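These notes concern the structure reproduced below.
The values are calculated or read from the model by the stated rules, or taken from the named source; none is laboratory data. Nothing here was measured: the structure is a model prediction, and the numbers come from that model. A quick note on method: Cβ atoms are made from the backbone with ideal geometry, for glycine too, and the neighbour counts reach across all protein chains shown.
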Amino acid sequence: MKHIIILGDGMADWPVKSLGGKTLLQSAKTPYMDKLAQMGRVGRLKTVADGFHPGSEVANMSVLGYNLPKVYEGRGPLEAASIGVELKPGEMAMRCNIICIEGDNIKNHSAGHITTEEADVLVKYLQEQLGDERVRFYTGVQYRHLLVIKGGDKRIDCTPPHDVPLKPFRPLLVKPMPGTENITTPEGQADLTPQQTADLINDLIMRSWELLQNHPINQKRMAGGKDPANSIWPWSPGYRPQMERLSDKFPQVKCGAVISAVDLINGIGYYAGLRRLIVEGATGLYDTNYENKVAAALDALKTDDFVYLHIEASDEAGHEGDISLKTLTIENLDSRAVGPVYEAVKNWDEPVSIAVLPDHPTPCELRTHTNEPVPFFIWYPGIEPDEVQTFDEVAACNGSYGLMREDEFINEFMKEIL
């Protein structure tokens, strides 16, 4: 049996008053997800372990069954792997957003969804102006980039910028974690203390703000009515993680693939031993090329045992608080990803197991992630269905799988069916 997970990032939501108290999954037209929920079995998965922030790195690692307290090292090292940055001992990697600050507030976490081409110019400029033997900047995708600090101490308190739209930025600058403020001697892999690390990062933020304000890229963006990309915002630090490959846990996965426009997901795939498939037109936004992503997934399934097809669009719409756009992304996932995959594989000689789920909710009302359990279904030819008739947050409460935690979902999904 072959296996494909189709993950709609941030797809789950809260009840919306303007939709009569329905969630977006309840109100959206999703005939394929509803059909597969009817023919398959449904449940809920707690993707954010107690004590963890509901970030996409936490949630997607949970979907794949990783023991977070044992292997979690933050988002930065995963994104480093995705863009080919090999971390040495003592090198601390951080996600480095390029954001828009307006006045003293974080206007948005994405600099108005800056293009990769524009951002590349800015990141290289920052490396030229601020980079040295300790500090290195690397270009990622769109607003998502990488900062590596040699000898940095990861015990620092950083705020994800997508959690704080329109909030004053100065109170949110980096701080040592509580209890580490008075450490005066570097420890572990670091040669800086937590306070020294925080001070260095805050200095980089403030200097980037000064450098980027009047950069030609931003002058052009503002002249066109776009948000300036006028500051960096580093967060989620860590060192190289020690993660087992998926094939170590599931020997039937001799080879597998990951398809995503997001460096973070590709980094998880790297450490999970999945090959990265680069798809033309994959943007991570509502205009992503679903057809090319599905074609790549189906092609991979012909030779591989496992495919992780990740689609980011719903999460970005949730961060924007755009109910109509998020509804469109959910309907696109159904009609342009789930449906075509099912129609293509339903009669294959070798059966294919399909799971669909979000990694976490990104409620439009809140515009950031939450840690509530998410709905999922599993379908494969011959599975005995339960009584659930629709795929959504409410119906999933009645699913036969109940509430799963930790690696229960992936163990069930990867079960060899005779």
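Every listed requirement among (1) out of contact with any His (no Cβ under 7 Å at 6 or more places or on another chain); (2) farther than 19 Å from Leu25 by Cα is met by Phe306 save one, (1).
When you check Asp132 against the structure, is it acidic (Asp, Glu) and in contact with a helix residue (DSSP H, G or I) (Cβ under 9 Å, 6 or more places away or on another chain), yes or no? Against the criterion (acidic (Asp, Glu) and in contact with a helix residue (DSSP H, G or I) (Cβ under 9 Å, 6 or more places away or on another chain)), Asp132 does not qualify.
Among residues of the range 274-293 that are at positive phi, those with a beta-carbon under 8 Å from a residue that is of a type in the set (D, E, K, R) and crowded, with 20+ Cβ neighbours inside 10 Å at least six positions away or on a different chain give the pairs Gly284/Glu312; Gly284/Glu316.
Applying the set (1) under 25 Å from Ile4 (Cβ atoms); (2) not assigned by TED's automatic domain parsing to the domain that holds Phe377 to Ser62 leaves exactly one unmet item: (2). A residue that is at pLDDT below 95, in contact with a His (Cβ under 9 Å, 6 or more places away or on another chain) and under 22 Å from His109 (Cα atoms) can be found somewhere in the range 165-181. Here Val374 clears all of (1) modelled with pLDDT of 95 or more; (2) touching a Gly at 6+ places or on another chain (Cβ under 8 Å) except the condition numbered (2). Looking at Arg136, is it among the basic types (Lys, Arg) and crowded, with 22+ Cβ neighbours inside 10 Å? Here the answer is no, as Arg136 does not meet what is asked. For the range 80-110, the tally of residues that are part of a loop (DSSP other than H, G, I, E, B) and not aliphatic (A, V, I, L, M) stands at 9. In this structure, Asp304 does satisfy being touching a residue at least 40 places away in the same chain (Cβ under 8 Å), out of contact with any helix residue (DSSP H, G or I) (no Cβ under 8 Å at 6 or more places or on another chain), under 20 Å from Leu64 (Cβ atoms) and surrounded by fewer than 23 Cβ atoms within 10 Å (Cβ to Cβ).
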